[in-house]
1. Can you give the FRET efficiency to the nearest 0.05 for K24 and F85, using r as the Cβ-Cβ distance and R₀ = 25 Å?
2. Could you give the distance between the Cα centres of the stretch 1-73 and the stretch 81-109, to the whole Å?
3. Could you order peptides 65-72, 78-85, 107-114 by the average number of other Cβ atoms within 10 Å of their residues, highest first?
4. Please give, to one decimal in nm, the separation of the simple spin-label points placed at S15 and A75, each 7 Å out from Cα toward the Cβ.
5. Pull the list of the chain cysteines that no other Cys approaches to under 4.7 Å, Cβ to Cβ.
6. How large are Rg and Dmax for the chain when only the alpha carbon atoms are used, in Å?
7. As a quick test, which of the pairs K24/K115; K43/K63; K63/K128; K100/K128 have an alpha carbon distance above 20 angstrom in this structure?
8. Listed highest first by mean packing, meaning other Cβ atoms within 10 Å per residue, what order do 115-127, 20-32, 38-50 come in?
Amino acid sequence: MRVSLLKEVLKGIFSKPVTIEYPKVRTQVEVDARGRHYADLNKCIGCSLCAIECPANAIVMEKIPEGYEVPKTNARRIYPVVDYFKCVYCYRCVTVCPTKAYITTSEYRLATSAKAESRVLSLNTIAKAEVKPVG
Ligand code: SF4
Ligand code: SF4
């Protein structure tokens with residue numbers, strides 16, 4: 001009994017660790033893992049369906065700020081902002097979207113001291129409007 005226990009201890013000491021030293025070593029995930037997602041505002045029509053259907057209440061519809069070229073199909077100039085801290089990554093929003101506007105990624109490293117939201121990622125999908133010179 002004691003000999004077998006000693007064997008186990010020695011095996012444990014000299015074998016490689018089975019755990020990954022995260023975050024020093026990045027954990028591998030499947031390419032289709034549900035990670036950070038955000039709306040492509042070239043496709044979004046501002047219908048709010050994703051926000052209505054979100055079970056975690058993680059999506060807020062916001063006005064697209066002035067200075068962006070918004071497609072005519074989004075007459076109300078609104079878009080969804082995802083709060084990644086509230087999100088449970090069910091991808092309900094992705095599947096209900098009638099225009100397939102969501103860009104999906106397998107990015108899971110979202111911890112930050114600031115608020116983690118999709119606002120900037122979505123706004124970066126559309127061009128800034130040209131500023132016309134006055135006069
Ligand atoms: S993945 Fe699920 S929880 Fe996250 S924003 Fe979409 S619907 Fe809401
Ligand atoms: S469901 Fe799709 S089109 Fe509708 S607001 Fe959400 S992202 Fe935009």
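1. Numbers: r = 24 Å, r/R0 = 0.95.
So the FRET efficiency works out to roughly 0.55.
2. Computed from Cα coordinates, the inter-centre distance equals 10 Å.
3. Working: 65-72: 12.0, 78-85: 21.1, 107-114: 9.6.
Order by mean packing, descending: 78-85, 65-72, 107-114.
4. 6.6
5. C44, C47, C54, C87, C90, C97
6. Using the Cα atoms of the chain, the pair Rg, Dmax is 22.7, 94 Å.
7. Too far apart for the 20 Å limit: K24/K115; K100/K128.
8. Working: 115-127: 16.1, 20-32: 8.7, 38-50: 20.3.
Ranking the peptides 115-127, 20-32, 38-50 by packing returns 38-50, 115-127, 20-32.
Rule-based calculations on the coordinates, nothing more; no lab input. None of the values given here were measured: they were computed from a predicted structure. Here the Cβ is made from the backbone with ideal geometry for all residues, glycine too, and neighbour counts use every protein chain on show.
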